[in-house]
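Participant: The structure under discussion is supplied below as structure tokens; questions concerning it will follow.
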Amino acid sequence: MYQYEYVNVIGEGMAATKFREHRELIDRRAEEGWRYVGFVPSHISGGEIVQIDLIFEKEVER
């Protein structure tokens with residue numbers, strides 16, 4: 001069985017949103033034993049993704 005964790009990341013900028021902290025968050029979670037699985041847009045404004053949820057998983061015993 002897997003446990004999941006979702007971390008919200010807010011983009012910066014107006015015309016071209018940039019996500020800056022995602023790499024550090026992924027590296028930090030990896031050190032804690034989490035595996036990066038992917039991301040889901042959590043907020044879209046003006047046709048642009050401005051927030052994402054990074055998804056992590058960790059195997060847990062029942």
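The values are calculated or read from the model by the stated rules, or taken from the named source; none is laboratory data. Here the structure is a predicted model, which is why all the values come from computation and not from measurement. Note that we place each Cβ from the backbone using ideal geometry, even for glycine, and neighbour counts take in every protein chain shown.
Yes/no matrix, rows are residues, columns are (1) surrounded by 14 or more Cβ atoms within 10 Å (Cβ to Cβ); (2) in a strand (DSSP E or B); (3) among the hydroxyl-bearing types (Ser, Thr, Tyr); (4) in contact with a Cys (Cβ under 9 Å, 6 or more places away or on another chain):
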{"position": "6", "(1), (2), (3), (4)": "no, yes, yes, no"}
{"position": "9", "(1), (2), (3), (4)": "yes, yes, no, no"}
{"position": "26", "(1), (2), (3), (4)": "yes, no, no, no"}
{"position": "36", "(1), (2), (3), (4)": "yes, yes, yes, no"}
{"position": "54", "(1), (2), (3), (4)": "yes, yes, no, no"}
{"position": "58", "(1), (2), (3), (4)": "no, yes, no, no"}
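Participant: Does residue 44 meet the test of being surrounded by 10 or more Cβ atoms within 10 Å (Cβ to Cβ) and at pLDDT below 95?
Facilitator: So residue 44 fits the description; yes.
Participant: Residue 39 passes all but one of (1) in contact (Cβ under 8 Å) with a residue 60 or more places away in the chain; (2) touching a Leu at 6+ places or on another chain (Cβ under 6 Å); which number fails?
Facilitator: Single failed check for residue 39: (1).
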